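The values are calculated or read from the model by the stated rules, or taken from the named source; none is laboratory data. Note that this is a predicted model, so its numbers are computed, not measured. Every residue, glycine among them, receives a Cβ derived from its backbone with ideal geometry; neighbour counts consider all protein chains shown. In case anyone asks, the SASA skips ligands and DNA or RNA and just uses the protein heavy atoms, side chains included. Shrake-Rupley method; radii C 1.70, N 1.55, O 1.52, S 1.80 Å.
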Amino acid sequence: MTHTPGKVVARDEVAPVRWLGEEGRFLLRAEDTGGLYSFFEVTTSPGGGPPLHIHEAEDEAFYVIEGRYSIVLGDEEYEAPAGRLVYGPRGVPHKFRNISDGPSKLLVVATPGGVEGFFEGLSELMADGGPPSPPDMIELAARYHVEGLEQVGPPPGVGSR
């Protein structure tokens, strides 16, 4: 096990990273935890959230701190108001959607650490203001062992899931 020094983080001193209608602040990165986990806050605009996807390399825990989300985990859909935690093990398809009228916020723990690189890469692919090209998106997803971004399921807010 890699030992790392302790760290004190002030949320507002961490620069936000923006992607697809969301904003993340990576409070503890893989290098801060010896690769054990990443800890971050995600703010999602109303109706926003990722499409159905699978992380083959990380487990994720989503703790709602503000607003409400609809979270699909496998074949089940859960309403998650503030104070609710949903655990998404690696290999299980999942997505979430902000079902509040205003921004909603999640705290996320991803283990092992390093998923922040995916979101930073996504932000870079969107730097020109448009959506990333499908080949670039597929390459980025493959690099971080994320599957299903090319529509495993309907986008958030479409259909019954």
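Values computed for the structure shown
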| item | result |
| --- | --- |
| Strands (runs of 3 or more DSSP E) (entirely within the stretch 1-101) containing at least 2 residues that are within 30 Å of G129 (Cβ to Cβ) | 17-19, 22-28, 38-44, 59-66, 68-73, 94-98 |
| Residues (in a loop (DSSP other than H, G, I, E, B) and either closer than 11 Å to E66 by Cα or over 13 Å from the mean Cα position of the chain (by Cα) (or both)) located in the stretch 102-118 | G102, P103, P112 |
| Criterion (in contact (Cβ under 8 Å) with a residue 60 or more places away in the chain and either out of contact with any Gly (no Cβ under 8 Å at 6 or more places or on another chain) or not polar (S, T, N, Q) (or both)) met by exactly one of G47, G21, G6 | G47 |
| Residue that is nearest to E77 (Cα to Cα) [pool: residues in the stretch 93-137 that are aliphatic (A, V, I, L, M) and at pLDDT below 95] | V115 |
| Single residue of A82, A57 found to be more than 16 Å from the chain's Cα centre (by Cα) and open to solvent by 20 Å² or more (accessible area, probe 1.4 Å) | A82 |
| Single condition K7 does not satisfy, out of (1) under 20 Å from V146 (Cβ atoms); (2) in contact with a helix residue (DSSP H, G or I) (Cβ under 6 Å, 6 or more places away or on another chain); (3) open to solvent by 20 Å² or more (accessible area, probe 1.4 Å) | (1) |
| Matching residues in the stretch 60-71 - criterion: being open to solvent by less than 20 Å² (accessible area, probe 1.4 Å) and either modelled with pLDDT under 95 or more than 19 Å from A110 (Cβ to Cβ) (or both) | S70 |
